[in-house]
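Working notes for the structure below.
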Amino acid sequence: MEMVLVFLAGVILTLALVWTSKHFVGFHAQRPEDYDCAAKSFDLRRHLDGPLICEGVIFGATGRVSSRFVAEMQGSWNGDSGTLAEHFVYDSGEAQDREWRLTVGANGLIRAEADDVVGTGRGQQAGSGVCLNYDIRLPASSGGFILSAVDWMYLVENGTVVKRSQFRKFGIKVAELVATIRPVEAIKSGKRRVA
């Protein structure tokens, strides 16, 4: 009986540690309000507008770089509704297109849809940060699996957006993406716009 109680205590302690780490430590513990006090405010309608360049890497489940990419993006807004067309070219030569349909609502709440997104993504912009949660269906060439995604975008002082995303299947991290998004005009002129 004593061994059973010790075992149950161990299970309860392990579950408590997992729950604590998920809610208070690490990537998933971030909240939009953590960035609400920043001097510069990230507004999707302003910072993801016009022609943009995105450069990034994707890390696989082992933590090693599994792919690199460059994407041309075009943001277009009409009030609080907009689209973000993306054309990715990966180091393998493979290309991928996606068009996000975005709506920014009261208090910075975000709704996001795309053809490979299952349902509607939801997020929030606050201060210098934007968070977006959604489920995405991988292309058939990548298995067609549905992954849970969390995107965080951070506005830095020169107007560049730094993006970090994690993708999970059954709660286990299977990939991570790190990228920068910059206006094409800033790249061509060699200047950065001030956020």
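Of the whole protein surface, T120 contributes about 50 Å² of accessible area at a 1.4 Å probe radius.
R0 = 41 Å: FRET efficiency of D135 with V6, Cβ-based, nearest 0.05? After rounding, the FRET efficiency stands at 0.55. Taking GluC sites (Glu not before Pro) across the stretch 106-178, the ones in a DSSP loop with at most 15 further Cβ atoms lying within 10 angstrom of their Cβ are E157. The label-point distance for D97 and R46, in a model that sets each label 7 Å from Cα toward Cβ, rounds to 3.2 nm. Within the assembled protein chains, the solvent-accessible surface assigned to L138 is about 50 Å², based on a 1.4 Å probe. Computed over protein heavy atoms with a 1.4 angstrom probe, the accessible surface ordering of D135, D97, largest first, is D97, D135. The residues of the stretch 45-195 expose on average 51 square angstrom of accessible surface per residue, using a 1.4 Å probe on protein heavy atoms.
At an R0 of 22 angstrom, the distance between the Cβ atoms of S142 and V65 translates into a FRET efficiency of 0.85. Accessible area per residue was computed with a 1.4 Å probe on protein heavy atoms; R111 scores about 100 Å².
On full extension, the segment bounded by D116 and N78 gains 11.4 nm, given 0.36 nm per residue less the C-alpha separation.
Here the stretch 70-118 has 46 percent of its accessible surface on carbon and sulfur atoms, given a 1.4 Å probe and all protein chains in place.
The values are calculated or read from the model by the stated rules, or taken from the named source; none is laboratory data. These figures come from a predicted structure and were not determined experimentally. Backbone-built Cβ (ideal geometry, glycine too); neighbour counts: all protein chains shown. Keep in mind that these areas ignore ligands, DNA and RNA; they rest on the heavy atoms of the full protein, side chains included. Shrake-Rupley method; radii C 1.70, N 1.55, O 1.52, S 1.80 Å.
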